[in-house]
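See structure below.
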Amino acid sequence: MKQLLFLGLLLGWFSLRAQPVISPGPAVTVEVSRTHSLVRFVQTMAGGSGTHVGSRWMFEHSRFNTPAARRWLRRYQALDYDPGFDRDGYPADRLGSTGSIMPGYLAASADARDLSDLQRRTVGLLPNEVLVSLDSVYRYFEPTFDTLAWQPHAAELARLQTAYAQFLAQSQLMREFGRLRTFYGGVWPDALPFRVLLNSQLGPGSGFTNKASVSGNVVLLNCNPASREFVGGSTVMFHEMCHALSTQQRLSLQQQLEGWFLHNASPNRRYAYNLLEEALATAAGEWIHARQTGQPETGEWYNDDYINRYAHALYPLVAAYTDRSQPIDSAFVGQAVRLFDKDFPQAATEYGNLFRNVLYWTDAEDFDGAIQAFRSQLRSTYTYSGAPILNSAKHLASARSGEHLPVIMVTQQHEATLKYLRQQLPALRAHRLRPEQSFVLSTSGPSGPLILVNVHDPAQLATAAKLLEQQRRMNPKEPLKLLK
């Protein structure tokens, strides 16, 4: 009997020893910094990437939006304050393929006591000339920032900081980060904490947040200081953390993932691959929501029809893999492409999809003005640009690659330019192109879809963009439309 009892205790001890240790995940801090908020305020007023449109609207409709302020914003926009670099070996267009000094700069702004301290902390990140110019811009906008964004909200932001930190500690959501980390194959040790930086979100709205981004280990959370809707806010926060995991995905897995998509037989394989980043992070954020409430959110998850529907389709697959801590693999990719094909059978012809990844190639003297109409009408998300057209080997190679939709805008030297393009791009050889006419041509060739716009008046570029927006998709039976 004693032997049986001893054996039972021994087996129980081994059973306990066999239980996996659940990682608590990385630490997460919730922070409020006046210097950081001032830096983000200026970025927002200047229309920086990932900033809150509503906050910018509040400034633009305030008494502070003067000609002098607009000159200072143009000066800021002209500064090379975010130089980037490419990483060799990483698949093009993945988040990990490029780097920036911005994570270090934003972290320094969160630690800085004041603007002078920010300068000291960022010496070497940027040339002193740029740092001095940035300092002068920040000091010009400091009174505006204090009046609109800081003084009305600082006290509530401090209370929000305490409340949100308590929520994250009590909910132990960072434990779930480990499963997402395994699914993504991201290299993110528990010793590397996340920093959530709160910034007041100006304008109407009652939700906790609807705009966030991530830079390194810094989560930039624009929020309504009075809100305590933390469950939905955490969905957004983990969405951004998943972008960080994607950026830090093992290089070998990033290369495999690209190969699994691009070697798939589906004609939509590249579109399914290009949209994976946002759709996957959205589905993963909803998995976090379900872990807290028992189910994902109802209704729209993302303000983009393609990404929203793709994320809904992927959610059961993402949840199944994450629940069992299974890394993304070739079987996942095969199912993802099939789901994309089912939901988006017209993806290869719909402008709503094609224009999200564009190469704008033009000879227009006003380059920004030439592409603005297309970006506004057709919501270009990822854009690349090139000029001039004639004898530009680099941009010709991009147009031939099939990685982007080439949108070629001819505004001068029409006869010579059209002749050159027909010689270099097989998709154009089947069409009669008359240099004296103004037209828009939507066609396809060996490298995929291509759009050619030939105009004699720059104002016709906006007409061409509006026409494509109204048509919604390519029409092979009537590829060429004359412009009035």
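Bear in mind that the values in this text are calculations on the coordinates, not laboratory data. In this text, all values refer to a predicted model and were calculated from it rather than measured experimentally. Every residue, glycine among them, receives a Cβ derived from its backbone with ideal geometry; neighbour counts consider all protein chains shown.
Per-structure values
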item	result
Cβ-based exposure ranking for Lys211, Lys419, in which fewest neighbours within 10 Å come first	Lys419, Lys211
The chain: angle of helix 367-378 to the longest principal axis, Cα-based, in degrees nearest 10	60 degrees
Straight-distance crosslink candidates among aspartates and glutamates, where the alpha carbon sits under 18 Å from Lys419 and sequence neighbours closer than 8 are dropped	Asp363, Glu436
Rounded if a/c under 1.5, otherwise prolate or oblate - the stretch 28-246, Cα gyration tensor axes	oblate
Over the stretch 83-128 - Rg/Rh using Cα atoms and the Kirkwood inverse-distance radius	1.13
For Arg356, Arg74, order by how many other beta-carbon atoms lie within 10 Å, fewest first	Arg74, Arg356
Rg/Rg_ref, the stretch 222-279, where Rg_ref = 2.2 N^0.38 Å and atoms are Cα	1.56
Aspartates and glutamates with Cα under 19 Å of Lys477, excluding same-chain neighbours fewer than 8 positions away	Glu350, Glu469
Acute angle (nearest 10 degrees) that the helix 154-171 long axis makes with the longest principal axis of the chain, alpha-carbon atoms	60 degrees
Per principal axis, descending, Cα span of the chain in whole Å	99, 60, 41
Computed [θ] at 222 nm, deg cm²/dmol, the chain (DSSP H ≥ 4; -39,500 (n - 2.57); rounded to nearest 500)	-16000 deg cm²/dmol
Partner lysines for Lys484 [C-alpha distance under 19 Å; skip if fewer than 8 residues away on the same chain]	Lys466
Percent of C-alpha pairs per 5 Å bin, the stretch 351-482, short to long	2, 11, 24, 27, 24, 11, 1
Pairwise label distance in nanometres, Tyr384 with Ser97, each label 7 Å out on the Cα-Cβ vector	0.7 nm
Net length gained if the chain between Ala290 and Asp329 were fully extended (0.36 nm per residue, minus Cα distance)	11.7 nm
Spacing of the two label points (7 Å from each Cα toward its C-beta) at Thr147 and Gln437, in nm	5.6 nm
Evaluated at q = 0.21, 0.23 Å⁻¹: base-10 log I(q)/I(0), Debye formula over Cα of the stretch 251-343	-1.05, -1.21
Simple spin-label estimate for Arg70 and Ala226 in nanometres, 7 Å along Cα-Cβ	3.2 nm
